[in-house]
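Everything below concerns the one structure shown next.
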Amino acid sequence: MFTEKLFKQTNAYTKSKLKMSKADIEKPIIQIKGLSVKTHEGEILKSINLDIPRNKIVVLLGPSGCGKTTLLKSLNRLTDLHKELIVGGEVLIDGKDILKASQDLPIMRQKMGLLSQRPFPLPVSIYKNVSYGLKLKGVRNKKLIAHSVESNLKRVGLWDEVKDRLNNPANSLSIGQQQRLCLARGLAVKPTIILADEPTSALDPISTKTIENLFKELKEHYTIILVTHVLRQAVRLADHVVFMYYGDIIEQGHPDDILKNPQTEILKKYLIDGN
Ligand SMILES: Nc1ncnc2c1ncn2[C@@H]1O[C@H](COP(=O)(O)OP(=O)(O)OP(=O)(O)O)[C@@H](O)[C@H]1O
């Protein structure tokens, strides 16, 4: 009985995906329509239109200050935390406009895992970091929680490294391990989208490669939106590249077109200078 329930819960996402028609799977998971973000001092995003395809890695590129992080923050309404930001337009996730105040924010945010430049583990144990989201959702079944902790730590390749010290504080891990722990914490609440803002910028090359390999595996089940300044990382990972400049999308498309055959002088210069 328990095994059956566990199976049902742990496979909920796969099943919901199987229920989707081919046409639904091919529809963009996110449609951004006329998204503008401004302050009283000026525009940060200038009426952006962008479709994010499902189960792909979409890379946001562009010089510092062009609005990449602001775009990511708009997708899970972290912009709400900055009262000075005035947000307009529509962000449709699976057809629902998440900018509408009536949306249930916590549920909407659960659909999105967030990885930042530096990992922010909670100041509790490794185990509690991964179980946190499920507990918040009201799950009390200890076997189910233990299964989730183990399977998500395995998924990010951390289980063998931490299985004998699950009760140690999360901040006893290396920065690379902490970043994978944060990814496991996010995956435990079964998001459909992962927002990653330069997630490897604080990591050593080996941890970076681990995260990159994970992203390649995870895109089978998740849509990943990745901000990076590392062009080689964009080449390695991107299915779709979006190049931004001063709050606008200048070019977007397949990495072979965007990175090897840029059409605008601005992008050509960026690819040469990296700025
Ligand atoms: N809350 C805010 N209030 C005022 N200006 C802001 C706010 N948030 C962002 N900005 C401004 O908006 C612009 C875009 O910032 P954003 O962080 O989105 O850029 P970015 O492309 O992610 O840059 P980087 O690559 O350096 O991280 C910057 O000029 C920034 O100073």
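The values are calculated or read from the model by the stated rules, or taken from the named source; none is laboratory data. Because the structure is a prediction, the values reported are computed rather than measured. Ideal geometry is used to build each Cβ from the backbone, glycine not excepted, and the neighbour counts take in all protein chains shown.
Brief remarks follow.
- For Val149, the test of being free of Cβ contacts under 8 Å to residues at least 40 places away in the same chain, of a type in the set (A, V, I, L, M) and assigned to a loop (DSSP other than H, G, I, E, B) is failed.
- Which numbered condition Lys56 fails, given (1) away from the ligand (no atom under 12 Å from the Cβ); (2) touching a Leu at 6+ places or on another chain (Cβ under 7 Å): (2)
- Residue match in the range 96-116 (condition: farther than 27 Å from Ile52 by Cβ and in a loop (DSSP other than H, G, I, E, B)): no
- Residue in the range 101-116 that is buried (at least 21 other Cβ atoms within 10 Å of the Cβ) and more than 25 Å from Gln233 (Cβ to Cβ) present: no
- Arg140 falls short on exactly one of the conditions (1) surrounded by fewer than 15 Cβ atoms within 10 Å (Cβ to Cβ); (2) out of contact with any strand residue (DSSP E or B) (no Cβ under 9 Å at 6 or more places or on another chain); (3) basic (Lys, Arg); (4) under 22 Å from Asp80 (Cβ atoms), and that condition is (4).
- Screening Thr200, Thr192 for residues that are within 15 Å of the ligand (Cβ to nearest atom), in contact with a helix residue (DSSP H, G or I) (Cβ under 9 Å, 6 or more places away or on another chain) and under 22 Å from Val130 (Cβ atoms) leaves exactly one candidate, Thr200.
- Considering the conditions (1) away from the ligand (no atom under 16 Å from the Cβ); (2) under 27 Å from Lys216 (Cβ atoms); (3) surrounded by fewer than 20 Cβ atoms within 10 Å (Cβ to Cβ); (4) modelled with pLDDT under 95, Gly133 is excluded by exactly one of them, (3).
- Only residues that are closer than 24 Å to Leu134 by Cα, of a type in the set (Lys, Arg) and away from the ligand (no atom under 16 Å from the Cβ) were counted in the range 70-119, giving 2.
- Enumeration of residues in the range 58-103 that are acidic (Asp, Glu) and either at pLDDT 90 or above or within 16 Å of Lys38 (Cβ to Cβ) (or both): Asp80, Glu84, Glu90, Asp97
- Residues being more than 22 Å from Val242 (Cα to Cα) and either in contact (Cβ under 8 Å) with a residue 12 or more places away in the chain or crowded, with 24+ Cβ neighbours inside 10 Å (or both) - total across the range 182-226: 16
- Pairs with Cβ under 7 Å, 6+ apart, first in the range 55-67 and basic (Lys, Arg), second more than 6 Å from the ligand (Cβ to nearest atom): Lys56/Lys219; Lys56/Thr223; Lys56/Asp239; Lys56/His240
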